[in-house]
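First comes the structure, then the notes that go with it.
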Amino acid sequence: MFEMMRFFRGQYGSGSTLLDKFSLYMTLSIISPNKTKSRLNNNTRNILHYQPEEALKNFDHVKSLNLEIPSSEEKNDKSFLKWTAEFGTSFKSCVIIGANSISKNDNENSQSRIESQPLILSDEELKLRIVWMISSLMAASSRHYMLKRIVVDFPTISNVVVSDEEKRGKVYMGAEQLSELRLNSVNDEFKLSLERSVIPDLRMKVWYVPKLELGCGLVMSGATLVVIRPMPAMEVDPAVESEPEIVNFGKSIIVPSVQELAKLPLLHLPPRYCHCFQQSPINSNDPLSIPSIPIIDLHRLGTTEFTDSEVQRLHSACREWGFFQVINHGISTSLLDKFRTEVENFFKLPYEEKKRLWQHPDNHEGFGQLFVVSEEQKLDWSDMFYITTLPLNLRKTQLFEKLPIELRDTMEAYSMEVKKLAMVILDHMAKALKMDGEEMRDLFGEGVQSIRMNYYPPCPEPDLAIGFTPHSDADALTILFQLNDTEGLQIRKDGNWVSVTPLPNALVVNIGDVMEIVSNGTYKSIEHRATVNSSKERLSVATFYSSKLDSELGPALSIIGPENPAIFRRVPIENYFKEFFARKLSGKSYLDFMKVKNKQ
């Protein structure tokens, strides 16, 4: 191969008339320097053959390119296209694949490999096998600056085949996929993603590959691949190739499972779960005398005839209550029913299964409790599972993939629907606040979303226990899905605790501290708590939506001025969350800390 290249260079040179007359089909083996050294003679020792652009620079019309990527198993290997160590053995750069058709490769080599492996695979087995075989290939080909540079420098290349020297798989890329690699900016990638597929996060990369051939003998036509964590569109130092930093917002002391504790024949509440001097909710013989939170009809909000009046209802609910129920929210009943079933099944899992999802000492995400900062602290009568769902670069992939696959898939769909709902509500809030809509969308469009699944088991002394300590939420919006008919949510209204009775298929929305700050105090985050029952379990799912991680939190610039001066200070949102999760929950104390009078 390289002898041929030297011949062309010597006989015709760059831009030769001969090469102008035909398209050159080229195969390049991207081998490591160590392997190359033994093959080179004195005439070629200064040529870096493992750099494709060096091999291609004297050819004007390369149409097809076959790349063979080394495994880079040698510790001192300096090959530019490493992939096995960085991608193939870890699932941090997972690729999700679907295909229009799957067939068997009939060549003899693949046949011998198939004999020891079942050809008929379950969906999960097939997914894992494909991830293992080609995640590294896809990661290298879609993310690596090297291939991007090649296809940008050679616009005539219309198809590329990427394979590995161990023959575990091939990826075929045509003109459409290569056009994505030739994009010059993040905006271009964003526009193209809108034209191609609806995807969970703008930082995901969706590929449609006409043909995918695996080393085990399977051939997939029309494969769709989603690279979970693409590298940012920027120049990459070839000496540095690392995964995005995982952000930990906080940690919580690991405590026993309350669900397991509730299975014991307890007559009295264990002392650490006993909360004395709790204020009881409002009781009345006249149900009409008990206030109820407002109801917002999302369909009416989107109807020209009722928009103005419904926006005013929303504005009033956010100012006076900080809580409301939303109906006609657009999330299908079938999805809600499916999610309800999967969450219920999750809490029915054997204890040993849930232990795999337990929190780690250095991270609050997982199964357990939040905001436990001391061994003497009183505990809540509940178990929960907490995980960051969006954006995907903040998701703990290894934790997420340990969830049952049905729950995982349903949670994925639900989280996307809730994000859409949150953005619709925030857009109407901007109108009500007379806030610049672009400022609201820029702040929250790629916001941080997390989900907390809650389980409150029956309690032997419910009047002495608390399901969730009184607090206000640190986010912008919390959207609560009540899974069964056991009441437990209570909000503090005018100094009293008021129980919330969810409407069928409605979602409960509450203002968080972030939105109170952004609205400069116009909207109020409200203290709330969860109570428990002596005979019934209660289940709910809270979805928390906040501003994007690289934003600065403070009152919206479009609503403050001489007549409405800022009453809250400005801080990086990442610092805000880390400080919040490091504290014990205590009403609205953290919001008070954010006020200008406390600025240090």
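Derivation of every value follows stated rules applied to the coordinates shown; laboratory data play no part. Since the model is a prediction, treat every value here as computed from it, not as a measurement. Reconstructed Cβ throughout: ideal geometry from the backbone, glycine too, with neighbour counts over all protein chains shown.
Here is how the numbers come out for the structure above:
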{"read-out": "Footprinting exposure proxy for VAL311, VAL326 (fewest neighbouring C-beta atoms within 10 Å first)", "value": "VAL311, VAL326"}
{"read-out": "Potential lengthening between SER334 and SER103 on full extension [0.36 nm per residue; Cα-Cα distance subtracted]", "value": "79.8 nm"}
{"read-out": "Summed side-chain charge close to PRO270 - residues other than PRO270 whose Cβ falls under 11 Å, Lys, Arg +1, Asp, Glu -1", "value": "+1"}
{"read-out": "Taking region 288-598 and dividing mean pair separation by its residue count, relative contact order in percent (alpha carbons under 8 Å, at least six apart)", "value": "21 percent"}
{"read-out": "Distance (nanometres) between label positions extended 7 Å along Cα→Cβ at LYS595 and VAL152", "value": "5.2 nm"}
{"read-out": "Efficiency of FRET from Cβ geometry, ASN505 and SER534, R₀ 25 Å, rounded to 0.05", "value": "0.35"}
{"read-out": "Which of ARG313, ARG300, ARG538 has the fewest Cβ neighbours within 10 Å, and the rest in rising order", "value": "ARG300, ARG313, ARG538"}
{"read-out": "Around SER534: net Lys/Arg minus Asp/Glu count, Cβ-Cβ under 10 Å", "value": "-1"}
{"read-out": "Across LYS263/LYS536; LYS378/LYS536; LYS420/LYS524; LYS431/LYS493, pairs whose alpha-carbon gap is larger than 20 Å", "value": "LYS378/LYS536; LYS420/LYS524; LYS431/LYS493"}
{"read-out": "Per-pair calculated FRET efficiency, R0 = 25 Å: GLU401 and GLU352 via Cβ, rounded to 0.05", "value": "0.90"}
{"read-out": "Net lengthening on full extension, GLU260/SER292 (0.36 nm per residue, minus Cα-Cα)", "value": "8.1 nm"}
{"read-out": "Anisotropy class of region 423-516 from Cα gyration tensor, a/c 1.5 cut", "value": "prolate"}
{"read-out": "Cut-off under 5 Å, modelled amide H: who pairs with GLN359 long-range", "value": "PHE367"}
{"read-out": "P(r) histogram, all alpha-carbon pairs of region 288-598 included - 20 Å bins from 0, percent", "value": "33, 61, 6"}
{"read-out": "For region 321-352 and region 504-538, distance of Cα centres in Å", "value": "16 Å"}
